[in-house]
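Following: one structure in structure tokens, then a few remarks.
The values are calculated or read from the model by the stated rules, or taken from the named source; none is laboratory data. Just so it is clear, the structure is predicted and the values come from calculations on it, not from any experiment. Positions of Cβ are backbone-derived with ideal geometry, glycine not excepted, and every protein chain shown enters the neighbour counts. Accessible surface areas use protein heavy atoms only, side chains included; no ligands, DNA or RNA. Shrake-Rupley method; radii C 1.70, N 1.55, O 1.52, S 1.80 Å.
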Amino acid sequence: MFNPTLTSAVENFSRLILPLTEKDLEREWIWKDHDEEGIRFACFVTLQELRHLAVTLSTLHSHPTPAQHILSQYHAAYLDLQTTVLGLSDEDAEKIPSEGEWQVRKVYSHILGAEFGFTATVRYALELHRANKWTTDRIPEREYPRLYVLSEDEYSKLMDSPLSNMLAYHKGFHQRILEEFRDITDSELDLPATFWEETRFPIQHRLHRYEAHFVQHTIQIDKTLVAIGKAPTESQRLIRKIYAALAEAEGQMLGAQKIDETVILATASSIMERTREIEHILK
């Protein structure tokens, strides 16, 4: 679905930039006629290349369906969340900002737990509708382990595990959600799905809840990081913008039946070459 070479190129570039101080960002790096901004400008070049890739892909492939469009918005929120905690240690994730407030690990556990609930709700509704067995009853408790694809014990251990473990699990879980729900039809988006509320919201609403819930708690994590003395550096802010551009490009790939790899690999190659140049400078 996504191009692993491009994803890896952006991840490696970001890992290189992440620990850099503002002074490091000022070290000389020249790109064409730009010879004054230093390494910092490499981030803007990378951002621009990814935005251009998104525009190019939008002209090469068919437009995404409404479900795929919603999922691309969810993917952007997911990547934004990842950049918020990028490089955060498990120890810092356990620091409580103030009495009565959640530490980052607990916030992330809540985010992941809610995502399990959203996914189970959509899965169950689609199963019943596609089998012509729709009921307004809530999901029976016995069904949750099957819908989560985790036993109760496995689920509890995951929710109580360190941040790094939840991040690793979430990466694969996120991909499975995108792959599983990308083929939801326009008519299915309007079908009801029962969660805990009395209101029978449609599946479309459930899909939008992924992003909305991410945004709510990404802001909470932002505030928590400031409170524990881990406010984002300039490098982290730059990386967050780069991942937003990656999310847009990958969002275009969600709706593509057959992806033209040429332009994607060209962008990945450019980013990889830039990473090698900066690695040499920093030695």
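Select from the stretch 168-194 the residues that are closer than 22 Å to E143 by Cα, open to solvent by 40 Å² or more (accessible area, probe 1.4 Å) and free of Cβ contacts under 8 Å to residues at least 24 places away in the same chain and list them in ascending order.
R176
For H170, work out the one condition from (1) out of contact with any Asp or Glu (no Cβ under 9 Å at 6 or more places or on another chain); (2) under 18 Å from L79 (Cα atoms) it doesn't fulfil.
The single condition H170 does not satisfy is (1).
Are any residues in the stretch 72-106 within 12 Å of the chain's Cα centre (by Cα), hydrophobic (A, V, I, L, M, F, W, C) and open to solvent by less than 20 Å² (accessible area, probe 1.4 Å), and if so, which ones? Outline the logic, then answer.
So the first thing to find is which residues in the stretch 72-106 are within 12 Å of the chain's Cα centre (by Cα), and the list is 72-86.
Checking the rest, the ones that are also hydrophobic (A, V, I, L, M, F, W, C) come to 76-77, 79, 81, 85-86.
Scanning the stretch 72-106 gives A77, L79, L81, V85.
Exactly one of these conditions fails for D24: (1) closer than 23 Å to D260 by Cα; (2) modelled with pLDDT of 95 or more. Give me its number.
Evaluating D24 over (1) closer than 23 Å to D260 by Cα; (2) modelled with pLDDT of 95 or more leaves (1) as the failure.
Hey, does the stretch 250-261 have a residue that's more than 15 Å from the chain's Cα centre (by Cα), farther than 30 Å from L88 by Cβ and not in a loop (DSSP other than H, G, I, E, B)? First the steps, then the outcome.
Keep residues of the stretch 250-261 that are more than 15 Å from the chain's Cα centre (by Cα), which gives 255-261.
Adding the requirement that they be farther than 30 Å from L88 by Cβ leaves 255-261.
Pick out the ones that are also not in a loop (DSSP other than H, G, I, E, B) and you get 261.
Yes, because at least one residue in the stretch 250-261 is more than 15 Å from the chain's Cα centre (by Cα), farther than 30 Å from L88 by Cβ and not in a loop (DSSP other than H, G, I, E, B).
Out of the stretch 129-150, which residues are surrounded by 15 or more Cβ atoms within 10 Å (Cβ to Cβ), part of a loop (DSSP other than H, G, I, E, B) and under 22 Å from the mean Cα position of the chain (by Cα)?
L150 - this is the single residue of the stretch 129-150 that is surrounded by 15 or more Cβ atoms within 10 Å (Cβ to Cβ), part of a loop (DSSP other than H, G, I, E, B) and under 22 Å from the mean Cα position of the chain (by Cα).
Looking at the stretch 220-232, is at least one residue closer than 19 Å to C43 by Cα, of a type in the set (S, T, Y), touching a residue at least 60 places away in the same chain (Cβ under 8 Å) and open to solvent by less than 70 Å² (accessible area, probe 1.4 Å)? I'd like the intermediate steps shown before the answer.
Pass one, the stretch 220-232, residues closer than 19 Å to C43 by Cα: 232.
Keeping just the survivors that are of a type in the set (S, T, Y) gives none.
Looking for residues that are closer than 19 Å to C43 by Cα, of a type in the set (S, T, Y), touching a residue at least 60 places away in the same chain (Cβ under 8 Å) and open to solvent by less than 70 Å² (accessible area, probe 1.4 Å), one finds none in the stretch 220-232, hence no.
Do we find that F44 is in contact with a helix residue (DSSP H, G or I) (Cβ under 9 Å, 6 or more places away or on another chain) and either crowded, with 17+ Cβ neighbours inside 10 Å or part of a loop (DSSP other than H, G, I, E, B) (or both) in this structure?
On the way: in contact with a helix residue (DSSP H, G or I) (Cβ under 9 Å, 6 or more places away or on another chain): yes; either crowded, with 17+ Cβ neighbours inside 10 Å or part of a loop (DSSP other than H, G, I, E, B) (or both): no.
Answer is no for this residue.
Can you name every residue in the stretch 2-21 that is in a loop (DSSP other than H, G, I, E, B) and surrounded by 13 or more Cβ atoms within 10 Å (Cβ to Cβ)? Before the answer, list the steps.
Pass one, the stretch 2-21, residues in a loop (DSSP other than H, G, I, E, B): 2-3, 18-21.
Once the filter is applied, which keeps residues that are in a loop (DSSP other than H, G, I, E, B) and surrounded by 13 or more Cβ atoms within 10 Å (Cβ to Cβ), the stretch 2-21 yields F2, N3, L18, L20.
Please state which of the following conditions S109 fails to meet, knowing it meets all the rest: (1) in contact with a Leu (Cβ under 8 Å, 6 or more places away or on another chain); (2) open to solvent by 10 Å² or more (accessible area, probe 1.4 Å); (3) in a helix (DSSP H, G or I).
Here S109 clears every test but (1).
Among F201, F214, F195, which is under 17 Å from T83 (Cβ atoms) and of a type outside the set (S, T, N, Q)? Walk me through it before giving the result.
Values: F201 fails: under 17 Å from T83 (Cβ atoms); F195 fails: under 17 Å from T83 (Cβ atoms).
Of the residues listed, the single one that is under 17 Å from T83 (Cβ atoms) and of a type outside the set (S, T, N, Q) is F214.
Assuming E197 fulfils every condition listed in (1) out of contact with any Phe, Trp or Tyr (no Cβ under 6 Å at 6 or more places or on another chain); (2) open to solvent by less than 60 Å² (accessible area, probe 1.4 Å); (3) more than 24 Å from T135 (Cα to Cα) apart from one, which condition is it?
Checking E197 against (1) out of contact with any Phe, Trp or Tyr (no Cβ under 6 Å at 6 or more places or on another chain); (2) open to solvent by less than 60 Å² (accessible area, probe 1.4 Å); (3) more than 24 Å from T135 (Cα to Cα), the one that fails is (3).
Identify the residue in the stretch 176-193 that is of a type in the set (D, E) and not in a helix (DSSP H, G or I) and, among all such residues, is nearest to the chain's Cα centre (by Cα).
At the first step, the residues of the stretch 176-193 found to be of a type in the set (D, E) are 179-180, 183, 186, 188, 190.
In the following step, the residues that additionally are not in a helix (DSSP H, G or I) were identified as 183, 190.
Details: D183: 19, D190: 25 Å.
For the stretch 176-193, the residue satisfying everything is D183.
Have a look at L158, L126 and point out the one that is under 23 Å from L191 (Cβ atoms) and not in a loop (DSSP other than H, G, I, E, B). First the steps, then the outcome.
Working: L158 fails: under 23 Å from L191 (Cβ atoms).
Only one candidate qualifies: L126.
Kindly provide the set of residues from the stretch 22-36 that are assigned to a loop (DSSP other than H, G, I, E, B) and either of a type in the set (A, V, I, L, M) or closer than 23 Å to A268 by Cβ (or both), ordered by number.
Filtering the stretch 22-36 down to residues assigned to a loop (DSSP other than H, G, I, E, B) leaves 26-30, 32-33, 35-36.
Once the filter is applied, which keeps residues that are assigned to a loop (DSSP other than H, G, I, E, B) and either of a type in the set (A, V, I, L, M) or closer than 23 Å to A268 by Cβ (or both), the stretch 22-36 yields W29, I30, K32.
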